[in-house]
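Below: one structure, written as structure tokens.
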Amino acid sequence: MQGGLFFLQLRNPFQNIFLTRQVSSRFHNNFVPNFSVIVLNFSTLLSIMTKTALDFLQTVTPFHLLPKDTLLSLSEVILPREIPAGTIIYHQNQSQLKELSLIVSGEVEKYIEDEQGRRSNQELFGPGGSFGAMSMLLNNRKAIRSVIAVTDVLLYQIPQAEFERLCRENEDFYNFFSAEFGRRMLRSGYASMLTAKPDATSGFQRSDLAFTLSVRELSDQQVHMVRPDQSIREVALSMSNFHHDYALIMKGEDPIGIVTDEDLRSKVIAEGRSYDLPIREIMSRPVRAISPDARAFEAILLMFRHHVHHLAVRDGDGFFGVVRLDRLLHGQGTSPFLFLHQIGQAASNEELKKRWKKAPAIIEDLIERGAKPEIVNQIVSSISDVIAINIVERSVRVLGTPPAPFVFMALGSEGRREQTLSTDQDNAIIYEDVEPERREHVRDYFLRLGERVSDDLNMVGFEYCSGGLMAKNPKWNHSLSHWKSRYTTWVQEPTPNNVMIGSTFFDCRAIYGSAALWEDLRGHILGLLTHNSQGFLGQLARAALINKPPLTFFGNLLFEDLEDKKKVLNIKRAMQTISDFARINALKHGLIVTNTGERLLELRKKEVLQEDEYRELHQSFYFMMRLRLTHQAGQMAATISPDNFLSNEEVSRIEKVTLKQIFRLIETYQKRIGLVYGGTMMG
């Protein structure tokens, strides 16, 4: 017979088994070579099948870890199943699994499918591969991924009850599947796939466009451009004639400034300036730029971060167009981006406080809809930024024009743009050096500004820093030369105390004020890092080694008893090692970016990290960030003060498996940090 199947009718009335020619060939060759239908004594057939299954199981990981008598018992309950090529065996999030499938011959493909039917995370598995384990153990038997037969496939299927018994009774056997699943969570983005998808009835539905549309699709390519020597009158007339509310001031093919209707009103009419002055006298600079391939949400956040309404769109070295905030916000309804805009327009601390209380609901909604945690992080940090900018601007209006240029700085987690809903304020002020006779007056002004801003932030909901790292503290409110001196001391005299303070100030960025001051300080910091910084980095590394991942001696999660809280995991502390690792190596390689994700990416670009190392660390960090944000949003929704302590009960089985893998990963990177003790670092 040339067909693909042999039918064996067993004397046992309860079993009909289909075997492929490959497996049944031993019957064909050894027993009845010219017959396609064979009738065998059931005990004889069962013995042959058991031996075949036993031989196969002994070669397959992790079944080879099981005792032979366990494998023998298992081989007696295995059910063979043949699947024709092209058959979808399981549908993601739909099929209910009742067995673990082992591939005896042929190939299957596992994949994730989105709502448009597009496949991602495809993986091919051949003989010895398996599927269904984690769906049964961790996902209530619902298929995590779709599985399709690429070729004709023969499977051995182990019933769920038998598989779960093996997992309960054999820890190494279970750990194989859980560790493999944890690794895939880090590599393939299972975490976002397993979160809820957007609800079409959600009030935020329109805001999803901000996560999918590119800047290229939303930018103006017909841009009004003028020369810097043209008069204000000429530019205003041309803007009116062409119905534009802004004009780019160009030097050659580069935009060097921008002027808007608002500039004409506030800088010319209100101040009584001559219309014959060159437009460069009132233009705003620099013109912030963004790639045309960036997403709309990235442009919105960049605008709020720098307090601008227009961005130049650059394609490589070329100028592509302009993207405007009003167009990005059009149709956003009650989106988080419109929420940011409303915060910026708030006229009092009371209004800011009310809006800050609404932030958890927005963050919780974003998480439930599957927004990436790094995006959620940026939105939380942007909300904090806009609140701080609002308070600084209103404070300046009350205190009067600053006597010198200054910059208001964010430190710590806010400096890294990793703000969560449980935070205190870490900030500082840098102001320009002035002549000796003005120093006292200038210092008095900025101390009053720092005190007012810190007090207002506390009133809105950003509590005072318990360690006093605030602009209201005279220690952290100084001239540029003083700040340069402090950084020099931290790097060149790396005492434990200097390193502890300095590590916070290396996670800093400008929120408001003079970009030139911040760039000057950045240049000084870069110079310090290129000369004799090994002692400072070594002390940073030693401090990072103190914080061990929360695992027991046997590799299980370590939930601690904390005062009145029973069995909790400090997720902030668990994340800290990755932040430390990224900071140390970024500083070593002269990278002044502060965000942990951006630091890891820059280390990848410099080939300090390999691609798989970058993906592991990035996915690990933001997996934990998602848990942290979800926990805090839930607490605030229940009017509970947010913290960083996850209870044993609120961490799902899938999350526990993934956290175990993450903490094992952290241990390996701590060992790499430990190389500092020998005077060297990776890279």
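Could you please find all residues in the stretch 274-314 being acidic (Asp, Glu) and within 28 Å of residue 336 (Cα to Cα)? Reasoning before the result, please.
Residues of the stretch 274-314 acidic (Asp, Glu): 276, 281, 293, 298.
Of everything in the stretch 274-314, those that are acidic (Asp, Glu) and within 28 Å of residue 336 (Cα to Cα) turn out to be 293, 298.
With (1) assigned to a helix (DSSP H, G or I); (2) over 14 Å from residue 421 (Cα atoms) as the list, and residue 646 as the residue in question, which single condition is left unmet?
(1)
Quick check on residue 292: is it in a loop (DSSP other than H, G, I, E, B), surrounded by 16 or more Cβ atoms within 10 Å (Cβ to Cβ) and within 37 Å of the chain's Cα centre (by Cα)? I'd like the intermediate steps shown before the answer.
Values: in a loop (DSSP other than H, G, I, E, B): yes; surrounded by 16 or more Cβ atoms within 10 Å (Cβ to Cβ): yes; within 37 Å of the chain's Cα centre (by Cα): yes.
Answer is yes for this residue.
Is it the case that some residue within the stretch 252-264 is touching a residue at least 60 places away in the same chain (Cβ under 8 Å) and within 24 Å of residue 372 (Cα to Cα)? Walk me through how you get there before you give the answer.
Start the filter on the stretch 252-264 by keeping residues that are touching a residue at least 60 places away in the same chain (Cβ under 8 Å), which leaves 253-255.
Imposing the further condition that a residue be within 24 Å of residue 372 (Cα to Cα) reduces the set to none.
Within the stretch 252-264, none of the residues are touching a residue at least 60 places away in the same chain (Cβ under 8 Å) and within 24 Å of residue 372 (Cα to Cα).
How many residues are closer than 28 Å to residue 391 by Cβ and either assigned to a helix (DSSP H, G or I) or in contact with a Phe, Trp or Tyr (Cβ under 9 Å, 6 or more places away or on another chain) (or both) if we restrict to the stretch 295-326? Quick ask: steps written out before the conclusion?
Taking the stretch 295-326 first, the residues closer than 28 Å to residue 391 by Cβ are 296-311, 323-326.
Checking which are either assigned to a helix (DSSP H, G or I) or in contact with a Phe, Trp or Tyr (Cβ under 9 Å, 6 or more places away or on another chain) (or both) leaves us with 296-307, 309-310, 324-326.
So the count comes out to 17.
Just one of 500, 470 is of a type in the set (A, V, I, L, M), under 25 Å from residue 418 (Cβ atoms) and touching a strand residue (DSSP E or B) at 6+ places or on another chain (Cβ under 9 Å); which is it?
On the way: 500 fails: touching a strand residue (DSSP E or B) at 6+ places or on another chain (Cβ under 9 Å).
None of the others qualify; the one that does is 470.
Need pairs with beta-carbon distance below 8 Å; first residue at pLDDT below 80 and within the stretch 126-146, second β-branched (Val, Ile, Thr) and in a loop (DSSP other than H, G, I, E, B); sequence gap 6+ or separate chains.
What qualifies is 134/144.
Could you list, in sequence order, all residues of the stretch 266-288 that are under 23 Å from residue 319 (Cα atoms), in contact with a helix residue (DSSP H, G or I) (Cβ under 7 Å, 6 or more places away or on another chain) and not in a loop (DSSP other than H, G, I, E, B)?
279, 284
Inspect the stretch 178-188 for any residue being in contact with a Phe, Trp or Tyr (Cβ under 9 Å, 6 or more places away or on another chain) and at pLDDT 70 or above and give the result as yes or no.
No, the stretch 178-188 contains no residue that is in contact with a Phe, Trp or Tyr (Cβ under 9 Å, 6 or more places away or on another chain) and at pLDDT 70 or above.
Take residue 520 and decide whether it is surrounded by fewer than 20 Cβ atoms within 10 Å (Cβ to Cβ), closer than 30 Å to residue 489 by Cβ, among the acidic types (Asp, Glu) and in contact (Cβ under 8 Å) with a residue 12 or more places away in the chain. If you could, list the steps in order and put the result at the bottom.
Details: surrounded by fewer than 20 Cβ atoms within 10 Å (Cβ to Cβ): yes; closer than 30 Å to residue 489 by Cβ: yes; among the acidic types (Asp, Glu): yes; in contact (Cβ under 8 Å) with a residue 12 or more places away in the chain: yes.
Judged against the criteria, residue 520 is a match.
From the list 628, 653, 599, 664, pick out the single residue that is surrounded by 21 or more Cβ atoms within 10 Å (Cβ to Cβ) and in contact (Cβ under 8 Å) with a residue 40 or more places away in the chain. Even if it seems obvious, please write down each step before you answer.
Values: 653 fails: surrounded by 21 or more Cβ atoms within 10 Å (Cβ to Cβ); 599 fails: in contact (Cβ under 8 Å) with a residue 40 or more places away in the chain; 664 fails: surrounded by 21 or more Cβ atoms within 10 Å (Cβ to Cβ).
Only one candidate qualifies: 628.
Any residue at all in the stretch 564-577 that is in a loop (DSSP other than H, G, I, E, B), touching a residue at least 40 places away in the same chain (Cβ under 8 Å), surrounded by fewer than 22 Cβ atoms within 10 Å (Cβ to Cβ) and not assigned by TED's automatic domain parsing to the domain that holds residue 416?
From the stretch 564-577, those in a loop (DSSP other than H, G, I, E, B) are 564; that's our starting set.
Of the ones still in play, those that are also touching a residue at least 40 places away in the same chain (Cβ under 8 Å) are none.
Among the residues of the stretch 564-577, not one is in a loop (DSSP other than H, G, I, E, B), touching a residue at least 40 places away in the same chain (Cβ under 8 Å), surrounded by fewer than 22 Cβ atoms within 10 Å (Cβ to Cβ) and not assigned by TED's automatic domain parsing to the domain that holds residue 416, which makes the answer no.
Need pairs with beta-carbon distance below 6 Å; first residue assigned by TED's automatic domain parsing to the domain that holds residue 421 and within the stretch 457-479, second of a type in the set (Gly, Ala, Ser) and not in a loop (DSSP other than H, G, I, E, B); sequence gap 6+ or separate chains.
Taking only residues 6 or more apart or on different chains, the pairs are 470/454; 471/428; 471/450; 471/454; 472/450; 472/454; 476/428; 477/450.
Filter the stretch 71-124 down to the residues that are outside any strand (DSSP E or B) and of a type in the set (Lys, Arg), then identify the one that is nearest to the chain's Cα centre (by Cα).
Let us first name the residues in the stretch 71-124 that are outside any strand (DSSP E or B), namely 71-78, 84-87, 91-95, 97-98, 106-107, 114-118.
Now restrict to residues that are of a type in the set (Lys, Arg): 98, 118.
Numbers: 98: 34, 118: 23 Å.
It comes out as 118.
For the stretch 238-271: of the residues being in contact with a Leu (Cβ under 9 Å, 6 or more places away or on another chain), under 13 Å from residue 310 (Cβ atoms) and among the hydrophobic types (A, V, I, L, M, F, W, C), which is surrounded by the fewest Cβ atoms within 10 Å (Cβ to Cβ)?
Result: 258.
Considering every residue within the stretch 471-492, establish whether at least one is under 23 Å from residue 643 (Cβ atoms) and among the small types (Gly, Ala, Ser).
Here is the first cut: in the stretch 471-492, the ones under 23 Å from residue 643 (Cβ atoms) are none.
No, that holds for no residue.
Working only within the stretch 328-345, note down all residues that are at pLDDT 80 or above and under 22 Å from residue 261 (Cα atoms).
342, 344, 345
Of all residues in the stretch 590-643, which are touching a strand residue (DSSP E or B) at 6+ places or on another chain (Cβ under 7 Å) and part of a helix (DSSP H, G or I)?
Within the stretch 590-643, the first condition is being touching a strand residue (DSSP E or B) at 6+ places or on another chain (Cβ under 7 Å), and the residues that meet it are 594, 627, 631.
Of everything in the stretch 590-643, those that are touching a strand residue (DSSP E or B) at 6+ places or on another chain (Cβ under 7 Å) and part of a helix (DSSP H, G or I) turn out to be 627, 631.
Which number in (1) surrounded by fewer than 21 Cβ atoms within 10 Å (Cβ to Cβ); (2) within 24 Å of residue 58 (Cα to Cα); (3) touching a residue at least 60 places away in the same chain (Cβ under 8 Å) marks the one condition that residue 121 misses?
The failed condition is (2).
This table checks each residue for (1) crowded, with 16+ Cβ neighbours inside 10 Å; (2) more than 21 Å from residue 381 (Cα to Cα).
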{"position": "407", "(1), (2)": "yes, no"}
{"position": "420", "(1), (2)": "yes, no"}
{"position": "423", "(1), (2)": "yes, no"}
{"position": "432", "(1), (2)": "yes, yes"}
{"position": "440", "(1), (2)": "no, yes"}
{"position": "443", "(1), (2)": "yes, yes"}
{"position": "453", "(1), (2)": "yes, no"}
{"position": "459", "(1), (2)": "no, no"}
{"position": "481", "(1), (2)": "no, yes"}
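What pairs come up if the first residue lies in the stretch 339-360 and is farther than 22 Å from residue 398 by Cα, the second is among the small types (Gly, Ala, Ser) and outside any helix (DSSP H, G or I), and their beta carbons are under 6 Å apart, counting only those six or more places apart or on different chains?
Here the result reads 356/461, each pair linking the stretch 339-360 to a residue that is among the small types (Gly, Ala, Ser) and outside any helix (DSSP H, G or I).
The values are calculated or read from the model by the stated rules, or taken from the named source; none is laboratory data. Computed from a prediction, not measured in an experiment: that's the story for all the values here. Positions of Cβ are generated from backbone atoms using ideal geometry, with glycine treated the same way; all protein chains shown enter the neighbour counts.
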